[in-house]
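A quick write-up on the structure given underneath.
Laboratory data are not the source of any read-out in this text; all were calculated from the coordinates shown. This is a predicted model, so every value here is computed, not measured. Glycine gets a Cβ as well: all are built from the backbone with ideal geometry, and neighbour counts include every protein chain shown.
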Amino acid sequence: MSTMDTRAMLSEIEGHLLLAATREQGRRAAAQFSAPLDWLTDCQRKEVERRFEEQYLELARASWQRTAERALQMRGEYEEIYRGLRRRLLAGWLLTCAVTLALAALVPAFG
């Protein structure tokens, strides 16, 4: 199995674990939400909890999507900054080399 396959598999497993943990959080939040509603029948309570859990999961997915989009945006911004810094560093290095060569060419002329 290649490194890419292993990374993809681990990412998929991580995604499933994250989803399972979020579902469990949603179930607990739904149970806490419906607990004080003692006037609900068992059937109504289950429906409220199911809808609450569904909304909880949808909100989590939307949050994950926004986070992923922002991460991509920030990656692009940082890559652009990095390319600019790399260009300036290269320009500074080339300028230093040119000045060094010019000075080296002038030294024998003074000697």
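Each label point was placed 7 Å from the Cα along the Cα-to-Cβ direction; for L17 and T96 their separation is 4.4 nm. GNM on the chain, alpha-carbon springs under 10 angstrom: the most fluctuating residue among R87, R27, R66 is R87. Protection proxy ranking of 57-63, 69-75, by the mean of other Cβ atoms within 10 Å over each peptide's residues and highest first, is 57-63, 69-75. Taken over the chain, the ratio of Cα radius of gyration to 2.2 N^0.38 Å equals 2.25. Treating r as the C-beta distance of T41 and R61 and R0 as 30 Å, the FRET efficiency rounds to 0.50.
When the Gaussian network model of the chain links Cα atoms closer than 10 Å, the mean-square fluctuations of E14, E24, E54 top out at E14.
The helix-only estimate of mean residue ellipticity at 222 nm for the chain, built from DSSP H runs of length n ≥ 4 each weighted as -39500 (n - 2.57), is -34000 deg cm²/dmol after division by the residue total.
Taking a sphere under 13 Å around the Cβ of R51 and counting the other residues whose Cβ falls inside, with K and R at +1 and D and E at -1, yields a net charge of -1. Across the range 31-44, computed HN-Hα scalar couplings (Karplus, 6.51 cos²θ - 1.76 cosθ + 1.60, θ = phi - 60°) run 5, 5, 5, 7, 4, x, 8, 6, 7, 6, 6, 4, 5, 5 Hz from first to last residue, x flagging Gly and Pro.
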